[in-house]
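The structure under discussion appears below in the form of structure tokens.
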Amino acid sequence: LLLLCYTEEAAVIVSGLKNTDVFVGESATFTCELSYPGVKNVQWWLDGSPLHNNFVTEISEQDGMIHTLTLNDVACHDSGTVTFRAGSLISSAKLLVKGISLLE
């Protein structure tokens with residue numbers, strides 16, 4: 001008899017964060033997919049600062065495996081490194097917020 005016991009140590013990142021370029025005022029979305037649900041201590045960071053769910057920062061998860069961060073109405077100073085951490089798993093990507101130059 002073989003019992004398969006899934007632990008969060010068995011979870012791996014199936015699909016990591018991707019570098020994203022957006023313009024000022026747009027939304028930037030980052031998604032990380034894990035191989036197994038239930039990993040504890042999930043946290044998102046922007047340039048080393050922890051992010052929390054609010055009207056600008058939307059953090060969600062689907063089926064406990066697909067974790068999504070959406071940054072709304074981004075500004076130039078939001079450019080930096082977005083990091084997703086779940087237990088010992090880490091994925092990072094660059095966010096580049098581009099200004100809009102108005103040519104008259």
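The values are calculated or read from the model by the stated rules, or taken from the named source; none is laboratory data. None of the values given here were measured: they were computed from a predicted structure. Calculation scope for accessible area: heavy atoms of the full protein, side chains included, ligands and nucleic acids excluded. Shrake-Rupley method; radii C 1.70, N 1.55, O 1.52, S 1.80 Å.
The table below lists the values:
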| read-out | value |
| --- | --- |
| Residue-normalised accessible area of the stretch 13-98, expressed per residue, 1.4 Å probe, Å² | 54 |
| Beta bridges per DSSP with both ends in the chain, % antiparallel, nearest 5 | 90 |
| Fraction of the pair-distance distribution of the chain above 16 Å, Cα-Cα pairs, percent | 59 |
| Carbon plus sulfur fraction of accessible area for the stretch 13-98, probe 1.4 Å, in percent | 52 |
